[in-house]
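Student: Take a look at this one; I'll ask things after.
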Amino acid sequence: CRQRFFLILHLFLNNSILSQQIQFDNFKTSRGLPSNNVNTLVVDENGQLWVGTEKGLVLFNGSRFFKIPGTERLSSESIFSVKVISSKNVWIGLQNGRIYRYNGMELEPYISQSIGKYANLFLDSKQRLWIATEGDGAFLISNPDELSNKKIKISHFSDDQDMPDVVYEVREDLNGKL
């Protein structure tokens, strides 16, 4: 009797799961993306989706894409990583190692020279921004919420400080250890 119950339950659950309709929507350049090759997706505090592609950055509000002012000059640069501190403080890491920041009105270069390849951004639990690079170690911006570029504090970690020059990404465990 017990085996029959589990058999009926199994058949019922499989039938219920298989009969559900899942809908997908495909977004392409014809619907507002700068490129069909998407490298990174980040949801901000307002539930909006920041989409980094190989030809620029756009913001998706759930129904349409909006171009970010100033990012048209990045159309030949591949967006590799995006971290949203707030809607007026968005950090952008490029595949060529450059770092930009969008301040809610315009795009400004933060690190305009290449710092290795693949600037991969990570915001830790202390709200510090880490930049992992392939070829130049890692960088730490201890106050990325500071809106004045002149007051931002940045540290560089490389082979000299027992940090390898090739750092693909920075992550944190549940205890806050990097």
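Student: Going through region 94-115 one residue at a time, which ones are at pLDDT 85 or above and part of a loop (DSSP other than H, G, I, E, B)?
Tutor: The answer is GLN95, ASN96, GLY97, ARG98, ASN103, GLY104, MET105, GLU106.
Student: Then there is this: Name the residues in region 61-81 that are at negative phi and open to solvent by less than 40 Å² (accessible area, probe 1.4 Å), would you?
Tutor: PHE65, ILE68, THR71, LEU74, GLU77, SER78, ILE79, SER81
Student: Working carefully through the options SER63, SER81, find the one that is at pLDDT below 90 and either over 9 Å from the mean Cα position of the chain (by Cα) or closer than 21 Å to GLU134 by Cα (or both).
Tutor: Answer to the selection: SER63.
Student: Looking at region 133-166 only, could you name the residues that are under 16 Å from ILE99 (Cα atoms) and among the β-branched types (Val, Ile, Thr)?
Tutor: The answer is THR133, ILE141, ILE152, ILE154.
Student: Here is a further query. Does GLY52 count as closer than 23 Å to VAL170 by Cα and under 15 Å from the mean Cα position of the chain (by Cα)?
Tutor: yes
Student: Checking TRP91 against (1) farther than 23 Å from LEU33 by Cβ; (2) touching a Leu at 6+ places or on another chain (Cβ under 8 Å); (3) open to solvent by less than 10 Å² (accessible area, probe 1.4 Å), which single condition isn't satisfied?
Tutor: (1)
Student: Okay, next question. Is it the case that VAL84 is in contact (Cβ under 8 Å) with a residue 12 or more places away in the chain, open to solvent by 10 Å² or more (accessible area, probe 1.4 Å) and not in a loop (DSSP other than H, G, I, E, B)?
Tutor: In short, yes.
Student: Which ones in region 131-151 are open to solvent by 20 Å² or more (accessible area, probe 1.4 Å) and within 21 Å of LYS88 (Cβ to Cβ)?
Tutor: If the condition is that a residue be open to solvent by 20 Å² or more (accessible area, probe 1.4 Å) and within 21 Å of LYS88 (Cβ to Cβ), then SER142, ASN143, ASP145, GLU146, LEU147, SER148, ASN149, LYS150, LYS151 are the ones that fit.
The values are calculated or read from the model by the stated rules, or taken from the named source; none is laboratory data. Only a predicted model underlies this, so the values are computations on that prediction, with no experimental measurement involved. Cβ sites come from the backbone with ideal geometry, for glycine too, and all protein chains shown count toward neighbours. Each accessible area value is taken on the protein alone, full model and side chains, heavy atoms only, with ligands, DNA and RNA left out. Shrake-Rupley method; radii C 1.70, N 1.55, O 1.52, S 1.80 Å.
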